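Just below is one structure, and these are the notes that go with it.
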Amino acid sequence: MDISRAKLRNKLAFEEEVRSDAYYDEVPNEESERGYLTVGIGHRVDKDTTRLLGREIKEHDIITPEEIDILFNDDYETHFMPLTRMEGWDELPENYKLVVSDMSWNQGSVLSPTNYKNAYWYYWGWSKAKTPEAKASFLEMFKHELFYSDPYNNRSENREYPKQNQTQVLNPKRAKWASQVPNRWRRNWNIINEGVK
């Protein structure tokens, strides 16, 4: 079962909020201490925004509900659809699909298996797992990686990741993502453990 556009939009609308006014997301980056100019459902304002809306968006500018839809649909094609075209996506459990999609949306989508900063790392590992045992091992490792990225839990005991005989798995450093959005991280952790409701 794949994720419906509506289900993904509902999750992202909750995580990002739906903002008709353009604002800075307050997560410092290499461009600005105030973060990225953002509008709609977590849409980062850039040249594509101007192209899509036919006007430049500045801080405090207001966009319409229709324009929010335009930006969401474009982001959906950019951040979600590339995942669905990757090998093995259809076999990934729905709760994992939702978390990977949310991480891709939140972190940005550079479609490269060597970019360990984004959600594609997890999916890349999954697509390389060919046997049922390797797939089960990868899903278990995914959970371990999420748990050990918890900025509020520094436990180190029993930190042994399941073996992946069929898969090359590297260990990215994602603590920064978890510390930037700890509540979002915890909600994703619950989705992995409890499934999609």
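All of the numbers you see were taken from the coordinates with simple rules; none came from a lab. Quick caveat, the model's predicted, so the values are computed rather than measured. Here Cβ is always computed from backbone atoms with ideal geometry, including for glycine, and neighbour counts include all displayed protein chains.
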* To do: Evaluate the distance, in nm, between pseudo-label points positioned 7 Å from the Cα of residue 30 and of residue 140 along their respective Cα→Cβ axes.
  => 3.8
* Globularity ratio of segment 1-85, using Cα Rg and 2.2 N^0.38 Å -> 1.10
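Once you list every other residue whose beta carbon is under 11 Å from the beta carbon of residue 126, what net charge do they have if Lys and Arg are +1 and Asp and Glu are -1?
On the way: positive: 97, 128, 130, 135; negative: 87, 91.
Every neighbour counted, the sum reads +2.
For residue 86 and residue 186 in one chain, what is 0.36 nm times their gap in residues minus the Cα-Cα distance, to one decimal in nm?
Numbers: separation 100, 0.36 × 100 = 36.00 nm, distance 2.65 nm.
Taking residue 86 through residue 186 to full extension adds about 33.4 nm, to one decimal.
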